[in-house]
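Peer 1: Encoded as structure tokens, here's the structure I'll be asking about.
The values are calculated or read from the model by the stated rules, or taken from the named source; none is laboratory data. Here the structure is a predicted model, which is why all the values come from computation and not from measurement. Using ideal geometry, Cβ is built from the backbone for each residue, glycine included, and neighbour counts are taken over all protein chains shown. Areas reflect the complete protein model, heavy atoms only, side chains present, ligands, DNA and RNA absent. Shrake-Rupley method; radii C 1.70, N 1.55, O 1.52, S 1.80 Å.
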Amino acid sequence: MTIAVPPRAPRRHIRIDRLLCYGALIGIVALFLAPVVWIIITSFQPYALLTSVPPKIDLRAVEIQNYKDLLGDAIFRRAFVTTTVVTFGATLMVLLVAVPAGYAVGRLQFHGKASYLFSILAMQFGPAIAFLIPLFIMMRRFGLVDTHLGLMLVFLVFVAPVGVWLLRGFFEVLPPHLERAARIDGASRFRAFYQVILPLATAGVWATAIVAFIGIWGDLLVPLALSFSRAVTLTVVASAFAGEQNVNYGGAAAAAVLSAFPSVLLALIFRRYLVRGLTEGAIKQ
């Protein structure tokens, strides 16, 4: 009995397919990078060129005056400190809630588990502004409006469900026999979780922390609704460069670059943990 072997595709066709694939990838990357490059170039342009009619971009007239003005502005420096404190604090709070909750829904069976998962997922269904109104009333009643702690708590409400779902998928794929072996050796459930399961879930925890950090750092809606003077963040300051008569395009671009730099740097440094955590958590055994 002979088996028919399909003819191989001509090498020329394979090369054309690769060229088309690479061309499409280059086009997609260029499409996403073009606005970023444009903002970076704009941040180094003089105010006179950007406000001329029509606006002009001159690569020979590069200057760092926009960055000097920002770094010398006390409001921007205070907003940077506020954003740093709120982001790190809220990220830590998200991890303290999402890690045990993700472990519980990923490893344990309990009554009402499906309803609990649906309830935390329902937070992502509606628009954020619909939840901000009752949250604003609660924060005002407790005196937490325009405070660092108030922003952290609101970010915890919005970001923790995402962290729970990310860690749930990661905890589910870990071998159950490791935890059973630790329990047989006399370890309590908490000790088995802390010494056996949590070290194996390091990549997932890092991935959740990075996702939470990037989302909180770049959020505008929450601080715009809950901060006025004492807890103003970078996104609020960056949105204030548009006036009634004109727009400081160079200053806004420089503020956008400086505001996005920590998130981009963090994602590049921990990209190995981010990719590993997000991919491993999506694979079922």
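Peer 1: Please work out if VAL236 is modelled with pLDDT of 85 or more, assigned to a helix (DSSP H, G or I) and farther than 27 Å from PRO161 by Cβ. If you could, list the steps in order and put the result at the bottom.
Peer 2: Numbers: modelled with pLDDT of 85 or more: yes; assigned to a helix (DSSP H, G or I): yes; farther than 27 Å from PRO161 by Cβ: no.
Against the criterion (modelled with pLDDT of 85 or more, assigned to a helix (DSSP H, G or I) and farther than 27 Å from PRO161 by Cβ), VAL236 does not qualify.
Peer 1: Please state which one of ALA225, ALA203, ALA209, ALA238 is touching a residue at least 60 places away in the same chain (Cβ under 8 Å), crowded, with 22+ Cβ neighbours inside 10 Å and either in contact with a strand residue (DSSP E or B) (Cβ under 9 Å, 6 or more places away or on another chain) or not acidic (Asp, Glu) (or both). Spell out how you get there, then give the answer.
Peer 2: Values: ALA225 fails: crowded, with 22+ Cβ neighbours inside 10 Å; ALA203 fails: crowded, with 22+ Cβ neighbours inside 10 Å; ALA238 fails: touching a residue at least 60 places away in the same chain (Cβ under 8 Å).
Going through ALA225, ALA203, ALA209, ALA238 in turn, just one is touching a residue at least 60 places away in the same chain (Cβ under 8 Å), crowded, with 22+ Cβ neighbours inside 10 Å and either in contact with a strand residue (DSSP E or B) (Cβ under 9 Å, 6 or more places away or on another chain) or not acidic (Asp, Glu) (or both): ALA209.
Peer 1: Then there's this: Filter the stretch 33-53 for residues that are open to solvent by less than 90 Å² (accessible area, probe 1.4 Å) and either assigned to a loop (DSSP other than H, G, I, E, B) or touching an Asp or Glu at 6+ places or on another chain (Cβ under 8 Å) (or both) and give the result.
Peer 2: Passing the criteria: PHE44, GLN45, PRO46, LEU49, THR51, SER52.
Peer 1: For the stretch 60-80, name all the residues that are open to solvent by 40 Å² or more (accessible area, probe 1.4 Å), closer than 13 Å to GLY251 by Cβ and in a helix (DSSP H, G or I).
Peer 2: Looking only at the stretch 60-80, we keep the residues that are open to solvent by 40 Å² or more (accessible area, probe 1.4 Å), and these are 60, 62-65, 68-69, 71-75, 77-78, 80.
If we keep only those that are closer than 13 Å to GLY251 by Cβ too, we end up with 63-65, 68-69, 71-73, 75.
Selection gives GLN65, LYS68, ASP69, LEU71, ILE75.
Results for (1) under 16 Å from the mean Cα position of the chain (by Cα); (2) of a type in the set (Val, Ile, Thr); (3) part of a loop (DSSP other than H, G, I, E, B); (4) under 26 Å from PHE261 (Cβ atoms), shown as yes or no for each residue.
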{"site": "VAL159", "(1), (2), (3), (4)": "yes, yes, no, yes"}
{"site": "LEU166", "(1), (2), (3), (4)": "yes, no, no, yes"}
{"site": "HIS177", "(1), (2), (3), (4)": "no, no, no, no"}
{"site": "ALA181", "(1), (2), (3), (4)": "no, no, no, no"}
{"site": "GLY186", "(1), (2), (3), (4)": "no, no, yes, no"}
{"site": "VAL196", "(1), (2), (3), (4)": "no, yes, no, no"}
{"site": "THR208", "(1), (2), (3), (4)": "yes, yes, no, yes"}
{"site": "ALA225", "(1), (2), (3), (4)": "no, no, no, yes"}
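Peer 1: Something else now. In the stretch 161-188, what residues are under 29 Å from ALA212 (Cβ atoms) and of a type in the set (Val, Ile, Thr)? Spell out the reasoning first.
Peer 2: Going residue by residue through the stretch 161-188, those that are under 29 Å from ALA212 (Cβ atoms) are 161-176, 178-179, 182, 188.
VAL162, VAL164, VAL173, listed by residue number.
Peer 1: In the stretch 98-146, which residues are among the β-branched types (Val, Ile, Thr), buried (at least 17 other Cβ atoms within 10 Å of the Cβ) and over 22 Å from the mean Cα position of the chain (by Cα)?
Peer 2: Scanning the stretch 98-146 gives VAL105, VAL145.
Peer 1: Is it the case that some residue within the stretch 81-95 is part of a loop (DSSP other than H, G, I, E, B) and of a type outside the set (Val, Ile, Thr)? Don't jump to the end; show me each part of the working.
Peer 2: Start the filter on the stretch 81-95 by keeping residues that are part of a loop (DSSP other than H, G, I, E, B), which leaves none.
No: zero hits.
Peer 1: If you don't mind, there's one more thing I want to ask. I'm checking my understanding of the structure. Among residues of the stretch 14-64 that are among the polar types (S, T, N, Q) and touching a residue at least 12 places away in the same chain (Cβ under 8 Å), which one is nearest to ALA260 (Cα to Cα)? Spell out the reasoning first.
Peer 2: As a first pass, look at the stretch 14-64 and keep what is among the polar types (S, T, N, Q): 42-43, 45, 51-52.
Those left that are additionally touching a residue at least 12 places away in the same chain (Cβ under 8 Å): 42-43, 45, 51.
On the way: THR42: 15, SER43: 13, GLN45: 19, THR51: 24 Å.
The qualifying residue nearest to ALA260 (Cα to Cα) is SER43.
Peer 1: Additional query: Within the stretch 80-94, does at least one residue satisfy the condition of being within 23 Å of ALA260 (Cβ to Cβ), over 25 Å from the mean Cα position of the chain (by Cα) and at pLDDT 85 or above?
Peer 2: no
Peer 1: So which of GLY126, GLY143 is at positive phi and outside any helix (DSSP H, G or I)? I'd like the intermediate steps shown before the answer.
Peer 2: Working: GLY126 fails: at positive phi.
Exactly one residue qualifies, and that residue is GLY143.
Peer 1: For ILE197, all conditions in the list (1) under 18 Å from THR84 (Cβ atoms); (2) buried (at least 16 other Cβ atoms within 10 Å of the Cβ) hold save one; what is the number of the exception?
Peer 2: (1) is the only condition that ILE197 fails.
Peer 1: If you don't mind, another one. In this structure, is ALA104 more than 30 Å from GLY251 (Cβ to Cβ) and in contact (Cβ under 8 Å) with a residue 60 or more places away in the chain? Spell out the reasoning first.
Peer 2: Values: more than 30 Å from GLY251 (Cβ to Cβ): yes; in contact (Cβ under 8 Å) with a residue 60 or more places away in the chain: no.
It is false that ALA104 is more than 30 Å from GLY251 (Cβ to Cβ) and in contact (Cβ under 8 Å) with a residue 60 or more places away in the chain.
Peer 1: Condition first: among the β-branched types (Val, Ile, Thr) and either within 30 Å of PHE118 (Cα to Cα) or without any contact (Cβ under 8 Å) to a residue 40 or more places away in the chain (or both). Now tell me which residues in the stretch 65-83 satisfy that.
Peer 2: Just the residues of the stretch 65-83 that are among the β-branched types (Val, Ile, Thr), to begin with: 75, 81-83.
Within the stretch 65-83, VAL81 is the sole residue that qualifies.
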